[in-house]
Amino acid sequence: MSNDVRIHDNIRQSAEEHPFAQYVRILGKGKKGSRSFTYEEALDAMTMVLNGEVEDIQIGAFLMLIRVKEETSEELAGFVRAVKNALAAPAHINADIDWSSYAGKRRYLPWFVYSAYLVASMGYRVFMHGVSGHTNNRIYTETIIDKLGLAKAENWSKCESALNEGNFCYMPLQAISPRLADLIDLRNTLGLRSPVHSLSRLINPLDSEHVIQGVFHPPYLPLHQEAAQLLDYSSCITLKGEGGEIERNPDNDCTTFNLLNGELNQETWPKLFGKRHVKPSELSFEDMVSLWRGKTDDEYGVAAVVSTAAIALKQIEKDISQEKALEKAQKAWDDREKDRF
């Protein structure tokens, strides 16, 4: 073969378009030429990403173009479906409620960890999943789980045992989907959060009947609600959580965006205090433990724990009122094992 033929073959090979290029082009053709993905396109694009069929430079472009444009409910649902298709969670492991934790806290302590534990203490199986450490100056759930000695599993067998023994298990995303966890870790490389932070909240690995999720930015409330509907989830609640976690701020009215049996609705929980509390000057794990043990008092903290648990409880026990849910959550708090932590 002559050198000229080899040169032409190399040019031809380099000119062949990468299969993923079509998806970068859809997003990046400019104000008039670009558009959002259909559900099917989003599903295919994320499947390619998860399968390692995409170049690193394409992943960066893909994630940031979605970030700038902002994802649609169809895109979010398609991305989530791709992840769910790739998961290897055993079908026989069940949980009553899927509780995601991907934001981290920086203004208030992560009181919602106690809320989830209270729900578990009332006999409901709570599966919590999340990540840690992708943003500086935040307290991540996994750190608190470890310090409190709550159940954490690195594989599905341990997860099943934890749920059977104590109705609660936290599982790191790295153990659920290493590829998805690696994509979230790009936050410090790209300098921004990406759509992966949104879609991770919706993956519901165990296909729990009830899904609860917290977001920070209000426009994402209906987005997640509609995506859950497209995913055919039977029960999903999305709320504007303190710091983006599933934690109600009791100083404010809290409107939940609900999906139940295919129907969308909203419900507002009135604020619990007439005057806003001053946020603490520093966050101390010792303060969390001291409150649980009853050695100190924190009006805001107790209200955050109880009212967040009440929202989850009302989701599971569909026919009870807000008042009854708050009453049951308060009783669970009053009856807690103070020497547990």
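The values are calculated or read from the model by the stated rules, or taken from the named source; none is laboratory data. Since this is a predicted model, take the numbers as computed values, not measurements. Virtual Cβ from ideal backbone geometry, glycine too; neighbours counted across all protein chains shown. Just so you know, the surface numbers come from the protein's heavy atoms only, side chains and all, with ligands and any DNA or RNA stripped out. Shrake-Rupley method; radii C 1.70, N 1.55, O 1.52, S 1.80 Å.
Structure notes:
- You can think of it this way: the chain between residue 268 and residue 293 has 5.9 nm of extra reach, that is 0.36 nm per residue less the Cα-Cα gap.
- Förster-model FRET efficiency, 35 Å R0, residue 155 and residue 340, C-beta, rounded to 0.05: 0.90
- Comparing 294, 38, 172 along the charge dipole axis of the chain, the residue lying farthest to the positive side is 294, per the Cβ-charge model.
- The dipole here belongs to the chain: it is taken about the Cα centre, uses +1 on the Cβ of Lys and Arg and -1 on the Cβ of Asp and Glu, and is about 840 debye.
- Placing a pseudo-label 7 Å from each Cα along the Cα-to-Cβ vector at residue 17 and residue 286 gives an inter-label distance of 6.2 nm.
- Of all aspartates and glutamates in the structure, those lying under 20 Å Cα to Cα from residue 158, and not within fewer than 8 positions of it along the same chain, are 96, 98, 142, 146, 207.
- Cleavage-rule hits (GluC sites (Glu not before Pro)) in region 267-313: DSSP loop, at most 11 neighbouring Cβ within 10 angstrom: 282
- Shown in residue order for region 266-274 are the 3J(HN,Hα) couplings computed by the Karplus curve 6.51 cos²θ - 1.76 cosθ + 1.60 at θ = phi - 60°: 10, 9, 9, 9, x, 4, 9, 9, x Hz (x for Gly and Pro).
- Pairs of Cα atoms nearer than 8 Å and 6+ residues apart set the relative contact order; for the chain it is 17 percent.
- For region 56-200: relative contact order, % (alpha-carbon pairs under 8 angstrom, 6 or more apart): 27
- Separation between Cα centres of region 141-203 and region 215-288, rounded to whole Å: 20
- Loop-located chymotrypsin sites (Phe, Trp or Tyr not before Pro) in region 194-270 (DSSP state other than H, G, I, E, B) with a sparse environment of at most 14 neighbouring Cβ atoms within 10 Å: 216.
- Counting only protein chain heavy atoms and rolling a 1.4 Å probe, the accessible areas of 84, 29 rank, largest first, as 29, 84.
- Solvent exposure of region 72-125 as accessible area per residue, Å², 1.4 Å probe: 29
- Efficiency of FRET between residue 230 and residue 322 - r from beta-carbon atoms, R0 22 angstrom, step 0.05: 0.20
- Computed over protein heavy atoms with a 1.4 Å probe, the accessible surface of region 159-223 works out to 35 Å² per residue.
- Whether region 4-163 is rounded, prolate or oblate, judged on the alpha carbon gyration tensor where a/c under 1.5 counts as rounded: prolate
- Calculated accessible area for region 294-341 comes out at 50 Å² per residue, all protein chains present (probe 1.4 Å; ligands, DNA, RNA ignored).
- Shown are 297, 96, 319, 185, whose ranking by accessible area with a 1.4 Å probe and every protein chain present, most to least, is 319, 297, 185, 96.
- Cα-based shape type of region 167-297, given that a ≥ b ≥ c are square roots of the gyration tensor eigenvalues and the cut on a/c is 1.5: oblate
- Which of 264, 228, 330, positive extreme of dipole for region 218-341 (C-beta unit charges): 330
- Region 89-248 shape via C-alpha gyration tensor axes, a/c threshold 1.5: rounded
- Accessible carbon and sulfur surface of the chain relative to its total accessible area, %, 1.4 Å: 47
- Each of 95, 217, 155 was scored by the projection of its Cα onto the charge dipole of the chain, and the greatest displacement toward the positive side belongs to 217; charges sit on the C-beta of Lys, Arg, Asp and Glu.
- Only the Cβ atoms of Lys and Arg (+1) and of Asp and Glu (-1) were treated as charged; on that basis the dipole of region 36-129 about its Cα centre amounts to roughly 700 debye.
- Counting only Cβ charges, +1 for Lys and Arg and -1 for Asp and Glu, the dipole size of region 200-330 around its Cα centre is about 220 debye.
- Within region 201-278, the trypsin sites (Lys or Arg not before Pro) that combine a DSSP coil assignment with at most 12 other C-beta atoms in a 10 angstrom radius are 275, 276.
- Candidate values [x] 33, 21, 20; [y] 40, 20, 19; [z] 30, 24, 22, label of the one derived for semi-axes √(5λ) of the Cα gyration tensor in Å: [y]
- When the C-alpha to C-alpha distance is required to be over 27 Å, the pairs from 295/331; 240/328; 105/318 that qualify are 105/318.
- MRE, 222 nm, helices only [DSSP H, n ≥ 4, -39500 (n - 2.57), over the chain, to nearest 500]: -14000 deg cm²/dmol
- Residues residue 35 and residue 146, FRET efficiency given R0 of 35 Å [Cβ-Cβ distance, rounded to 0.05]: 0.20
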